[in-house]
Amino acid sequence: MMESNLINWTLDNVGSRQRNGLTPPRDMRETIAQIKALPPLPGSALRILNLIADPSADARKLADIIELDPLLTAQITRWASSALYGYRGQITTVHDAITRVLGFDFVLDLALGLAVLAPLKSPKEGQIGTRMFWTHALASTRLMAQLAAVMPAATRPEPQALFLSGLMHNIGFPLLGHRFPDEFSYLSGLITANPSLAIFNLETFAFGLNHAEIGAWLMNVWSMPRMITDIVYHHHNPFYRGENHQLNLLTFYSDCLLGRLGIGDASNQVCPEEVPDLLGLDEAVCLEILDSQNDDLAKILATAEQLTD
């Protein structure tokens with residue numbers, strides 16, 4: 001049924017919309033083949049990756065790296081001042097953000113994610129725009145941590161892996177908007193015209209590939225850790241059973257749950273019934289956790305708006 005609806009819309013409606021700028025893109029694989037270079041990995045991200053490997057890393061070293069980048073400094077201090085974390089004092093330095101509010105591991109992961117995303121300039125509006133990207137990323141990092149807390153300890157992913165997966169698994173959308181603006185605009189039109197269809201299916205139908213493949217391509221070019229690349233590439237595949245498969249399955253399930261709140265790109269994504277059991281989760285408990293996300297939704301939306309200003 002999905003294919004029929006989409007084909008009918010494409011054949012019957014694209015022609016009438018061409019005058020408004022919604023024209024079919026070139027074959028995306030041909031477009032990618034013509035690209036000579038992607039945005040380089042920012043220096044801040046490279047320095048943070050090096051710090052992760054430093055056994056003597058501490059809050060001062062991390063703060064020094066962040067403060068070399070004025071934009072990253074502003075983002076970290078703004079994050080620590082967000083209502084999401086409930087700190088009532090004044091945050092004036094990165095060191096304060098680390099030691100008083102967020103903690104070393106959290107800021108290390110957050111700074112890496114923010115630094116990696118910094119060079120990708122994508123449209124703000126729409127279901128795949130940067131406002132929704134950040135809303136989804138923020139909600140994902142919180143929900144995945146809460147779900148992991150009720151998983152069996154033996155299969156529970158590490159906190160750092162949870163945070164980076166939640167933050168970065170949809171990085172293909174900002175890359176699409178940054179490097180392929182025509183295709184981004186075309187996909188946004190398809191999503192608007194087909195609100196009942198899964199975005200993953202729409203983009204695969206339209207382009208022959210999807211944001212997971214595009215995002216993993218960038219992660220490989222940047223030599224990011226294997227764990228991040230795996231999740232970026234497989235997060236729409238609940239049947240993946242390779243390395244990091246439990247983390248991938250949790251990312252998939254979190255996306256399905258957030259889709260029920262209208263957050264992210266999985267609103268119409270089918271979630272196999274066995275997924276909670278495979279994670280060692282009680283679905284009723286997971287739905288209770290999801291309901292609690294509503295309490296923080298206004299704060300999440302406000303923080304996402306700040307990050308896209």
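Two decimals, Cα atoms only, Kirkwood Rh: what is Rg/Rh over the stretch 67-135? If you can, show how the numbers build up before the last one.
Details: Rg = 13.0 Å, Rh = 12.9 Å.
Answer for the stretch 67-135: 1.00.
Evaluated with a Cβ-only charge set (Lys, Arg +1; Asp, Glu -1), the stretch 184-275 carries a dipole of roughly 100 debye about its Cα centre, given to the nearest 20.
Expressed as a whole percent, the accessible surface of the stretch 160-221 that belongs to carbon and sulfur atoms is 52, based on a 1.4 Å probe. Only the Cβ atoms of Lys and Arg (+1) and of Asp and Glu (-1) were treated as charged; on that basis the dipole of the chain about its Cα centre amounts to roughly 860 debye.
Determine the relative contact order of the stretch 219-309: mean sequence separation of Cα pairs under 8 Å and six or more apart, normalised by residue count, in whole percent.
Working: 57 pairs, mean separation 15.1, N = 91.
After rounding, I find 17 percent.
Taking a ≥ b ≥ c as the square roots of the eigenvalues of the Cα gyration tensor of the stretch 189-270, is the shape rounded (a/c under 1.5), prolate (a/b larger than b/c) or oblate? Before the final figure, lay out the partial values.
Numbers: a/c = 2.29, a/b = 1.38, b/c = 1.66.
Because a/c hits 1.5 or more and a/b fails to exceed b/c, the stretch 189-270 counts as oblate.
Helix 181-193: angle to the longest alpha-carbon principal axis of the chain, degrees 0 to 90, nearest 10? Between the helix axis and the principal axis of the chain, the angle is about 70 degrees.
Taking every protein chain into account, the accessible area of the stretch 267-309 amounts to 56 square angstrom per residue (probe 1.4 Å).
Each label point was placed 7 Å from the Cα along the Cα-to-Cβ direction; for Thr92 and Thr155 their separation is 5.0 nm.
Suppose all protein chains stay in the model; what accessible area per residue would a 1.4 Å probe give for the stretch 132-174, in Å²? Don't skip to the answer; put the middle values down first.
Details: 1260 Å² over 43 residues.
Heavy-atom accessible area per residue stands at 29 Å².
Round to a whole number: what % of the accessible area of the stretch 246-309 belongs to carbon and sulfur, probe 1.4 Å? Show your work: numbers first, answer last.
Values: 1330 of 2740 Å².
Looking at the stretch 246-309 in its full context, I get 49 percent from C and S.
Net charge near Asp58: determine it from the other residues with C-beta under 12 Å of the C-beta of Asp58, scoring Lys and Arg +1 and Asp and Glu -1. All intermediate terms of the calculation are to be shown ahead of the outcome.
Values: positive: Arg60, Lys61; negative: Asp54, Asp64, Asp105.
Here the count lands on -1.
The longest part of the chain holding none of the exposed loop GluC sites (Glu not before Pro), meaning those outside H, G, I, E and B in DSSP with at most 12 other Cβ atoms within 10 Å, is 1-124. Convex hull of alpha carbon positions in the stretch 139-200: directionally averaged projected area 5.6 nm².
Accessible area ranking (1.4 Å probe, heavy atoms, ligands and nucleic acids excluded), largest first, for Cys286, Cys271: Cys271, Cys286.
Only one residue of Pro225, Leu147, Leu46 has its Cα farthest out toward the positive end of the dipole of the chain, where Lys and Arg carry +1 and Asp and Glu -1 on Cβ, and that residue is Leu46.
The angle separating the long axis of helix 2-17 from the principal Cα axis of greatest extent in the chain is about 80 degrees.
By the Cβ-Cβ criterion of under 4.7 Å, the unpaired cysteines of the chain are Cys286. Please determine, in degrees from 0 to 90 and to the nearest 10, the orientation of helix 43-52 with respect to the longest principal axis defined by the Cα atoms of the chain, where the helix direction is its Cα long axis. Result, in degrees: 60. Think of the chain as a dipole: +1 on every Lys or Arg Cβ, -1 on every Asp or Glu Cβ, centred on the Cα centre; then among Cys286, Gln246, Leu202, Leu202 lies furthest on the positive end.
Tell me the net charge near His169. Cut-off is 12 Å between Cβ atoms, His169 excluded, with +1 for each Lys or Arg and -1 for each Asp or Glu.
Working: positive: none; negative: Asp230, Asp255, Asp265.
Local charge sum for His169: -3.
The values are calculated or read from the model by the stated rules, or taken from the named source; none is laboratory data. These figures come from a predicted structure and were not determined experimentally. Using ideal geometry, Cβ is built from the backbone for each residue, glycine included, and neighbour counts are taken over all protein chains shown. For accessibility, only protein heavy atoms count, side chains too; no ligands or nucleic acids. Shrake-Rupley method; radii C 1.70, N 1.55, O 1.52, S 1.80 Å.
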